[in-house]
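Enquirer: Dropping a structure here in C-alpha cells format, bear with me for questions.
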Amino acid sequence: MNPPVEANIRKTALNATHRQSGAKMVDYSGWDMPVEYPSVGGLMKEHLAVRAGVGLFDVSHMGDIRVHGPEALKAVQYLTMNDASKLNTGQAQYSAMLYPNGTFVDDVIVHKFADDDYLLVINAGTREKDVNWVKDNTRQFKVTVEDLSDQFTQIAIQGPKGVDTLQKLTDVDLSKVKFYWFTRGTVAGLKNVLIARTGYTAEDGFEIYIPSDAATSDRVWNELLQAGKEFGVVPAGLGSRNTLRLEGKLPLYGHEISDEINVWEAGLDRFLKMDKGDFIGRAALEKAKNDGVKRALVGLETIERGIPRDGYKVLDLEGKEIGYVTSGSYMPFLKRNLALAYVPVEQSALDNIVAVEIRNQPVKAKVVPSQFYKRPKKSS
Amino acid sequence: MAYPADFKYTKEHEWISADGKIGITDHAQSSLGDIVFVELPKVGATITKGQSFGSVESVKAVSDLFAPVSGKVTAVNEELATTPEKVNTDAHAAWMVKVELTNPSELNDLLSAADYEKFAAEEAGH
C-alpha cells in the first residue's frame, strides 16, 4: 500500500526503519510518517497496547525552538499564556502561543533548562510559522532563537510499562523523574540524552531526544523494542496517536485549537495566567471574557448508531446547524462513538441532546464529560 | 488472499457472487483497517448501480458502499451489525446484502477476478 515517496517530502531518521517493518506510510503535514503497523495488527491493537503495556512513537517531526539569553524568561513570558516564571530548572509546562486576538498560533510545551535557557516543543505542521513567530516577536528582548528541530530524533515511549522499558536502557533513576519534569542521562550508551516524562497519549511515559543520525536512531529504536519485549511493546503510528490523544482530550492544532478559536472557547483557561504580566493575546482575552464566551468545546456521544467524524455538522433538535465536530472516532479502548465539538454555550450542559449530521442524516448525540479517558492511579 | 473466480468485481472494491450476494474485497478491508460499523439498507430497498447503498466505517475512516448492479434487496447480513470485524477476517465470506437483479446484463460491465486483482495491485502502487 505504500506509495513512492515524493522528492520534497520530509523524512525522519527512522523512515527506512518504518518502511522495512512494513508500516503504512502517509503524508502528514509534509512528512512521510507511519500511520499504522500491519505487523502489529493495526491501529486498534497499537492503541490497546499503549493503554495496557507500552508503545513506541517516532515523533521526530515535532519542532524544537530554543530561546536563550539574559532575557529568555521575559521573552517566553511574552510569547506564551502560562506562567513560565513558576518553572523550576528541569520542569516542563503545557502552554500556548497566541495571536493578539487571543486565538492560537500553536500549543507548546515549555522546558526550562536554566534561568536563561528554554526549549519550546511545537507541532510539525506549524513549524515554519512558529519559528518565524518566535523570531518576529522576540526582537525587543536580549535573546537568541534557534530552530533545533533537525538535530533530534524524538521517540515517545508511552504506556504503563514505559518506565520499565526505558529503565533497562538508562542509568537515570526514572522513578525520581516526576510527571512533566525532565532530566539528562545516558540512554543506550548515548550520553546527555534529554529524557522528559511527557507525552500525548493520556498515559504515563517518556519522550527522549537523541542525535538525528539514522544509524543511532535505528539502534536506539530497536533497543527499545527489545527492552520492551517482555511488556508487549509495539511500534505505534499516527492513527493510534490520534485516537489515544482524543480519548484523553488532548487538543490537536487545526482541530480543537486554531487561529479561529480562543482560549476560553477551547476550555484551556486553566493554563492561562492573566496576572503574570503582559503577553500576546492577553488584552483580547480579557475583553472576550467580559463580553461573554459564546461557544464551548464539549464531549459528544452518539446515542443512535453512527460515528461522528472531524468536520461533521452539529444540529439542534429542530435541525438547525449550531456547531461542528473537531475530532471524532470510535474509541478503541472505551468502545464508544465519541467526539469533541464546538456548540453554543447554552447547548453545552451535560446530558443535553443534540444531533450530528452523518451522511445527511441527523444522528442523536448526548453531551458527555469530555475527558473520556483518565488513566488509573497507580496502586503502588 | 485469493479473489474467488466465480465473483465479479468493481473498481470501487465491491464483489458480487453468482447468487447475488454483495460485499467488499479483501483489498478494501485491508486499506480500511479495523472495521467497527457497517450501515446497510433494509430488506425490500432498491439499490442502483453506481449509487451508494450503505457505508463501512473503520476506526480511521468511513467509506461508501457502491452498488455493483441495480436490484432489490432480498436479504441483509444482520450478523455484521454486532460483529462488523468479520469483514476484516474474511471479506469474501462476509456478504452484506443479497439482491435480485433488475438488469442481469449489468454483470457484463464488471471485472473478472484476474482483472480486479491486477487493478488492486496497480492501485496499491506495486
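The values are calculated or read from the model by the stated rules, or taken from the named source; none is laboratory data. Note that the coordinates shown come from a computational prediction; the quantities given were computed from them, not determined experimentally. Heads up, the Cβs are rebuilt from the backbone with ideal geometry, glycines too, and the neighbour counts pull from every protein chain shown.
Enquirer: Residue under question is B:GLU122, and the condition is that it be within 14 Å of chain A (Cβ to nearest Cβ), on the phi < 0 side of the Ramachandran plot and of a type in the set (D, E, K, R); does it hold?
Expert: So B:GLU122 fits the description; yes.
Enquirer: Condition first: over 20 Å from B:ASP26 (Cα atoms) and in contact (Cβ under 8 Å) with a residue 40 or more places away in the chain. Can you find one or more residues in the range B:51-60 that meet it?
Expert: No.
Enquirer: Given (1) modelled with pLDDT of 95 or more; (2) surrounded by 23 or more Cβ atoms within 10 Å (Cβ to Cβ), identify the lone condition not met by A:ALA92.
Expert: The one condition A:ALA92 does not meet is (2).
Enquirer: Is it fair to say A:GLY63 is away from chain B (no Cβ under 14 Å) and either touching a strand residue (DSSP E or B) at 6+ places or on another chain (Cβ under 8 Å) or more than 23 Å from A:ILE257 (Cβ to Cβ) (or both)?
Expert: It is true that A:GLY63 is away from chain B (no Cβ under 14 Å) and either touching a strand residue (DSSP E or B) at 6+ places or on another chain (Cβ under 8 Å) or more than 23 Å from A:ILE257 (Cβ to Cβ) (or both).
Enquirer: Of everything in the range B:31-51 that's of a type outside the set (A, V, I, L, M, F, W, C) and in contact with a helix residue (DSSP H, G or I) (Cβ under 8 Å, 6 or more places away or on another chain), which residue is farthest from the other protein chains (Cβ to nearest Cβ)? Reasoning before the result, please.
Expert: If we filter the range B:31-51 for residues that are of a type outside the set (A, V, I, L, M, F, W, C), which is where we start, we get B:31, B:33-34, B:39, B:41-42, B:44, B:46, B:48-51.
Retained after the next criterion (residues that are in contact with a helix residue (DSSP H, G or I) (Cβ under 8 Å, 6 or more places away or on another chain)): B:33-34, B:49.
Working: B:GLY33: 5, B:ASP34: 4, B:LYS49: 20 Å.
The residue in question is B:LYS49.
Enquirer: Further question on the same structure: Can you name every residue in the range A:287-315 that is touching a Gly at 6+ places or on another chain (Cβ under 9 Å) and either among the basic types (Lys, Arg) or more than 13 Å from chain B (Cβ to nearest Cβ) (or both)?
Expert: Hits for the range A:287-315 are A:LYS287, A:ALA288, A:ARG295, A:ALA296, A:LEU297, A:VAL298, A:LEU300, A:ARG309, A:LYS313, A:VAL314, A:LEU315.
Enquirer: Given the condition under 19 Å from the mean Cα position of the chain (by Cα) and part of a loop (DSSP other than H, G, I, E, B), answer yes or no: does some residue in the range A:29-47 qualify?
Expert: Yes, the conditions are met somewhere in the range A:29-47.
Enquirer: Looking at the range A:232-255 only, could you name the residues that are part of a loop (DSSP other than H, G, I, E, B) and away from chain B (no Cβ under 12 Å)?
Expert: A:GLY232, A:VAL233, A:ALA236, A:GLY248, A:LYS249, A:LEU250, A:PRO251, A:LEU252, A:GLY254, A:HIS255
Enquirer: A further question on this structure: Any residue that is more than 26 Å from A:LEU238 (Cα to Cα), modelled with pLDDT of 95 or more, touching a Leu at 6+ places or on another chain (Cβ under 8 Å) and not in a strand (DSSP E or B) - is there at least one of those in the range A:141-154?
Expert: Scanning the range A:141-154 turns up no residue that is more than 26 Å from A:LEU238 (Cα to Cα), modelled with pLDDT of 95 or more, touching a Leu at 6+ places or on another chain (Cβ under 8 Å) and not in a strand (DSSP E or B).
Enquirer: For the range B:1-13, what are the residues that are crowded, with 23+ Cβ neighbours inside 10 Å and within 26 Å of A:LEU43 (Cα to Cα)?
Expert: Scanning the range B:1-13 gives a single hit, B:HIS13.
Enquirer: For the range A:200-230, enumerate the residues that are over 17 Å from A:THR17 (Cβ atoms) and surrounded by fewer than 18 Cβ atoms within 10 Å (Cβ to Cβ).
Expert: Scanning the range A:200-230 gives a single hit, A:GLU230.
Enquirer: Would you confirm whether any residue within the range B:79-96 is away from every other protein chain (no Cβ under 14 Å), surrounded by fewer than 18 Cβ atoms within 10 Å (Cβ to Cβ) and aromatic (Phe, Trp, Tyr)?
Expert: Within the range B:79-96 (the criterion being away from every other protein chain (no Cβ under 14 Å), surrounded by fewer than 18 Cβ atoms within 10 Å (Cβ to Cβ) and aromatic (Phe, Trp, Tyr)), the answer is no, since none of the residues qualifies.
Enquirer: Give just the number: which of (1) touching a strand residue (DSSP E or B) at 6+ places or on another chain (Cβ under 9 Å); (2) closer than 30 Å to A:LYS86 by Cβ does A:GLY292 not satisfy?
Expert: (1)
Enquirer: Has the range B:14-26 got any residue that is of a type outside the set (A, V, I, L, M), closer than 29 Å to A:PHE333 by Cβ and either at the interface with chain A (Cβ under 10 Å from one of its Cβ atoms) or in a helix (DSSP H, G or I) (or both)?
Expert: Scanning the range B:14-26, I find at least one residue that is of a type outside the set (A, V, I, L, M), closer than 29 Å to A:PHE333 by Cβ and either at the interface with chain A (Cβ under 10 Å from one of its Cβ atoms) or in a helix (DSSP H, G or I) (or both), so the answer is yes.
Enquirer: Given the residues A:VAL26, A:VAL50, which is the only one that is in a strand (DSSP E or B), touching a strand residue (DSSP E or B) at 6+ places or on another chain (Cβ under 9 Å) and over 22 Å from A:LYS135 (Cβ atoms)?
Expert: Exactly one residue qualifies, and that residue is A:VAL26.
Enquirer: Do any helices (runs of 4 or more DSSP H) lying entirely in the range B:71-126 carry at least 2 residues that are of a type in the set (S, T, N, Q), and which ones are they?
Expert: Helices (runs of 4 or more DSSP H) meeting the threshold: B:86-89.
Enquirer: Condition first: charged (D, E, K, R) and crowded, with 22+ Cβ neighbours inside 10 Å. Now tell me which residues in the range A:152-187 satisfy that.
Expert: A:LYS161
Enquirer: With the requirement that a residue be within 13 Å of chain A (Cβ to nearest Cβ) and within 20 Å of B:TYR9 (Cα to Cα), what does the range B:52-76 give you? Step through it out loud before you land on a result.
Expert: Of the range B:52-76, the ones within 13 Å of chain A (Cβ to nearest Cβ) are B:52-65.
Of everything in the range B:52-76, those that are within 13 Å of chain A (Cβ to nearest Cβ) and within 20 Å of B:TYR9 (Cα to Cα) turn out to be B:SER52, B:PHE53, B:GLY54, B:SER55, B:VAL56, B:SER63, B:ASP64, B:LEU65.
Enquirer: Kindly list, by first and then second residue, each pair from a residue in the range A:319-347 that is away from chain B (no Cβ under 14 Å) and assigned to a loop (DSSP other than H, G, I, E, B) to a residue that is buried (at least 22 other Cβ atoms within 10 Å of the Cβ) and among the polar types (S, T, N, Q), limited to pairs with Cβ atoms under 7 Å and residues at least 6 apart or on different chains.
Expert: none
Enquirer: Something else about it: From the set of residues in the range A:318-337 that are more than 18 Å from B:GLY33 (Cβ to Cβ) and touching a Lys or Arg at 6+ places or on another chain (Cβ under 8 Å), which is surrounded by the fewest Cβ atoms within 10 Å (Cβ to Cβ)?
Expert: Among residues in the range A:318-337 that are more than 18 Å from B:GLY33 (Cβ to Cβ) and touching a Lys or Arg at 6+ places or on another chain (Cβ under 8 Å), the one surrounded by the fewest Cβ atoms within 10 Å (Cβ to Cβ) is A:GLU321.
Enquirer: Of all the residues that make up the range A:279-300, how many are in a loop (DSSP other than H, G, I, E, B) and either among the polar types (S, T, N, Q) or out of contact with any helix residue (DSSP H, G or I) (no Cβ under 7 Å at 6 or more places or on another chain) (or both)?
Expert: Within the range A:279-300, residues that are in a loop (DSSP other than H, G, I, E, B) and either among the polar types (S, T, N, Q) or out of contact with any helix residue (DSSP H, G or I) (no Cβ under 7 Å at 6 or more places or on another chain) (or both) number 2.
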